[in-house]
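The values are calculated or read from the model by the stated rules, or taken from the named source; none is laboratory data. Being a predicted model, the structure only gives us computed values, none of them experimental. Don't worry about glycine lacking a Cβ; one is built from the backbone with ideal geometry, like all the others, and counts go over all protein chains shown.
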Amino acid sequence: MDYISEAGHVSARQGHETGKRSQEGITRFIEQMGLSAQQDGVARISGRIFGYFIVHGGPVSFAQLAEELQISRASVSTNARSLAALGIIERITLPGDRQDYYQLAVSPFLRMIESYLVRMQQMQNILQQADDSIPAEMHATHARLAQMRRFYAAAVQANQQLIEDLGP
């Protein structure tokens, strides 16, 4: 396929190089998303799938996703369910097609923050229960619990503000 350069010249080689560079950039981004997810304690494949959907949006079938990311359909199923549970992607159906498809959810980044917020609030409850049930004479333990409570209180407040700032 021929492409027109900025100077107006047609160059098949330049178009090939641009297409190759674009695909390499996309592949690198998807792989970096996988590595980033892995560093956060999330499955590398989940990060790659998320990266794929950031680039392509969807909808895409399990089979397509498995083929394009060169992973098993079982891995796609497991990791797509995890991402769907976090609200990052959503399962959809297409009229007349029996396959399930996934696409990037609306506001996936807000949904990520909201799920973090829920976990932080759960941790606040755990810390309160610990503070109430650990013997009062364990002063050092209570000091560490207080430090954790301050951290989670600040984190909850900051994330609530972030949701408010980025929300619709």
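Descriptive notes on the structure:
- Residue check: residue 103 meets all listed conditions (1) assigned to a strand (DSSP E or B); (2) closer than 24 Å to residue 117 by Cα; (3) free of Cβ contacts under 8 Å to residues at least 40 places away in the same chain; (4) of a type outside the set (Gly, Ala, Ser) but one, namely (3).
Let's see how each residue does on (1) within 23 Å of residue 56 (Cα to Cα); (2) β-branched (Val, Ile, Thr); (3) not assigned by TED's automatic domain parsing to the domain that holds residue 52:
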| residue | (1), (2), (3) |
| --- | --- |
| 92 | yes, yes, no |
| 99 | yes, no, no |
| 131 | no, no, yes |
| 135 | no, no, yes |
| 142 | no, no, yes |
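- The stretch 50-65 - residue that is of a type in the set (A, V, I, L, M) and crowded, with 17+ Cβ neighbours inside 10 Å and, of those, nearest to residue 25 (Cα to Cα): 65
- If the condition is being free of Cβ contacts under 8 Å to residues at least 24 places away in the same chain and among the aliphatic types (A, V, I, L, M), then the stretch 44-92 contributes 66, 74, 84, 85.
- Picking from residues in the stretch 79-122 that are over 23 Å from residue 153 (Cβ atoms) and among the small types (Gly, Ala, Ser), the one that is surrounded by the most Cβ atoms within 10 Å (Cβ to Cβ) is 80.
- Unmet requirement for residue 118, which otherwise passes all of (1) over 30 Å from residue 50 (Cα atoms); (2) in a helix (DSSP H, G or I); (3) of a type in the set (A, V, I, L, M, F, W, C): (1)
- For the stretch 132-152, the count of residues that are farther than 30 Å from residue 73 by Cβ, among the hydroxyl-bearing types (Ser, Thr, Tyr) and crowded, with 16+ Cβ neighbours inside 10 Å is nonzero.
- Residue match in the stretch 67-82 (condition: within 27 Å of residue 167 (Cβ to Cβ), touching a Phe, Trp or Tyr at 6+ places or on another chain (Cβ under 8 Å) and modelled with pLDDT under 95): yes
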